[in-house]
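Just so you know, all these numbers are worked out from the coordinates, no wet-lab data involved. Since the model is a prediction, treat every value here as computed from it, not as a measurement. All Cβ positions, even for glycine, are placed from backbone atoms using ideal geometry, and neighbour counts span all protein chains on display.
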Amino acid sequence: MAAGKSIAVCGAGPAGLATALYMRRLGLDVTILERFDEPRPVGSGLILQPTGQAVLHDLGLFDAIRALGAPIDRLHGSDSRSGRVVLDVRYDSLPKGGRGLGIHRAALFGVLHDEVLRAGIPIRTSQDIRQVRQAADGKRYLVRADGTECEQFDLVVDCLGASSPLKPLSHGPGKGKSLPFGAIWGTLPWHGDGFDEAALTQRYRRASVMIGVLPIGRAAPDGPKRAAFFWSLKPDDYVAVQRDGLESWKQTVLGHWPEAQPYLDAVDDFSVLTLARYAHHTMSKPVGDGIAYVGDSAHSASPQLGQGANMALLDARALYLALRDHPEDSTKALNHYARLRRGHVRLYQALSAAFTPFYQSDSRALPLIRDVFVSVLARIPPAPQILAALVSGSLLSPVRRLELEKPPRV
Ligand SMILES: Cc1cc2nc3c(=O)[nH]c(=O)nc-3n(C[C@H](O)[C@H](O)[C@H](O)COP(=O)(O)OP(=O)(O)OC[C@H]3O[C@@H](n4cnc5c(N)ncnc54)[C@H](O)[C@@H]3O)c2cc1C
């Protein structure tokens with residue numbers, strides 16, 4: 001797309017902020033539109049995989065992110081009754097190295113947002129975008145919730161997340177498959193006793209109980225160390241959990257994981273925790289006439305494989321390459337964007353859908369199969385290497401395909 005053309009990036013999450021930086025790199029006239037009065041991060045912490053780290057490295061933001069995050073060497077989970085290991089993935093099994101980076105959402109948001117401000121990209125807040133329409137001259141204009149219209153743009157990039165109202169009807173909000181299990185999440189002070197500072201540590205009971213502690217570093221350089229704490233549950237059951245009271249819930253958690261006591265001590269009210277619902281949808285082609293879908297608006301999944309934010313960053317990079325390589329023909333550019341991401345997105349969406357019931361479901365059979373696989377087969381090479389590649393996001397080599405360099409070690 002030729003320099004100077006106007007781009008509306010809708011949404012100031014990881015997808016929107018990274019996309020805006022890449023659009024500015026192409027010399028495009030980019031504006032971010034966000035519904036919040038003040039742009040702010042949503043949710044607790046997440047793992048930045050080597051894929052997402054490579055994009056941040058390319059954007060010149062790797063050192064800033066590395067300084068805030070917590071390096072992760074291992075994902076480890078065990079059954080609360082038997083003590084059997086039911087999840088064991090080690091990044092040092094990756095043939096070319098690499099580690100995860102646990103990161104506070106405020107840190108990821110802050111680093112991207114500061115760079116957007118430094119680049120002078122305007123962020124228009126209080127813009128609740130509901131529709132995109134085509135003007136007579138082929139340009140696009142956006143309609144807000146109050147029915148007012150924004151000015152026209154040459155290209156719209158939908159980074160509005162999983163419930164984006166801009167998705168075509170066949171993929172619209174509510175059309176994704178809601179998953180039976182979600183989780184309550186909290187960002188709590190880090191407590192090292194009994195916890196590995198370089199691991200995501202989880203406790204399970206079959207697949208219906210899952211509790212986790214993920215070190216996520218600091219929100220700001222001088223801030224305290226934090227952990228993301230989560231408890232898997234069916235969203236519809238949360239009302240009953242709250243009705244039974246905080247103490248009753250804490251006793252249930254402690255029954256599975258007594259060492260979690262210091263984390264539970266930091267929860268003095270359910271308001272400290274946030275309910276997250278999970279849904280699964282994959283757009284067959286994340287582009288339309290004059291519009292591209294980036295991040296969760298194009299594909300969302302349960303966070304079981306921990307890829308969502310990383311996929312959003314890879315999408316932003318792919319859109320940049322496509323527009324760079326087809327500056328005069330936006331239809332070709334958008335089709336190229338869709339092609340660049342198709343294989344990786346489809347593979348990870350399929351794997352995410354396949355793996356989730358082994359870790360979050362009422363099934364009794366699936367966790368049994370899981371336990372046999374993890375305790376026997378997963379230890380036999382090349383299974384450890386494949387599992388590490390899967391979790392790191394590097395199956396199908398998206399870093400090489402998107403002309404990215406491997407980031408320095410975290
Ligand atoms: C509990 C949980 C744990 C997760 N763990 C991980 C993990 O470990 N690793 C990982 O990579 N991913 C993880 N994810 C997934 C990750 O959070 C998402 O994939 C990622 O945030 C997607 O980024 P996005 O920018 O596409 O969407 P979002 O982060 O949802 O951002 C969308 C933005 O659009 C704005 N917006 C929405 N609607 C409108 C509107 N109508 N008008 C204007 N603005 C609007 C929102 O305010 C927001 O700023 C997790 C998700 C959850 C819920």
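Numbers at a glance
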{"quantity": "Loop-resident sites, the range 87-186, for trypsin sites (Lys or Arg not before Pro), counting at most 13 other Cβ within 10 Å (DSSP)", "calculated": "96, 175"}
{"quantity": "Taking 31, 125 and counting other C-beta atoms within 10 Å, the order from fewest to most", "calculated": "125, 31"}
{"quantity": "Residue-span extension gain [residue 40 to residue 284] - 0.36 nm each, minus C-alpha spacing", "calculated": "84.8 nm"}
{"quantity": "Over the chain: Rg over Rh, Cα atoms, Kirkwood Rh", "calculated": "0.97"}
{"quantity": "Top of 363, 394, 80 by mean-square fluctuation, Gaussian network on the chain, Cα under 10 Å", "calculated": "363"}
{"quantity": "Packing-based exposure ordering (other Cβ within 10 Å, fewest first) of 337, 359", "calculated": "359, 337"}
{"quantity": "Highest-fluctuation residue, 148, 19, 51 considered, GNM on the chain with Cα pairs under 10 Å", "calculated": "148"}
{"quantity": "Peptides ranked, highest mean first, by Cβ atoms within 10 Å: ranges 313-320, 273-280", "calculated": "313-320, 273-280"}
{"quantity": "211, 380, 47 arranged by Cβ crowding within 10 Å, fewest neighbours leading", "calculated": "380, 211, 47"}
{"quantity": "For the chain, built as a Gaussian network whose Cα springs stay under 10 Å, the top-fluctuating residue of 271, 126, 375", "calculated": "271"}
{"quantity": "Cα centroid separation, the range 149-219 to the range 365-410 (Å)", "calculated": "20 Å"}
{"quantity": "For residue 72, residues with placed amide H under 5 Å, excluding near neighbours", "calculated": "100, 101, 102"}
{"quantity": "Of the DSSP H helices in the chain, those whose Cα atoms cover at least 15 Å axially and whose Kyte score averages -0.5 or more", "calculated": "14-25, 105-118, 246-256, 308-325, 330-359, 365-375"}
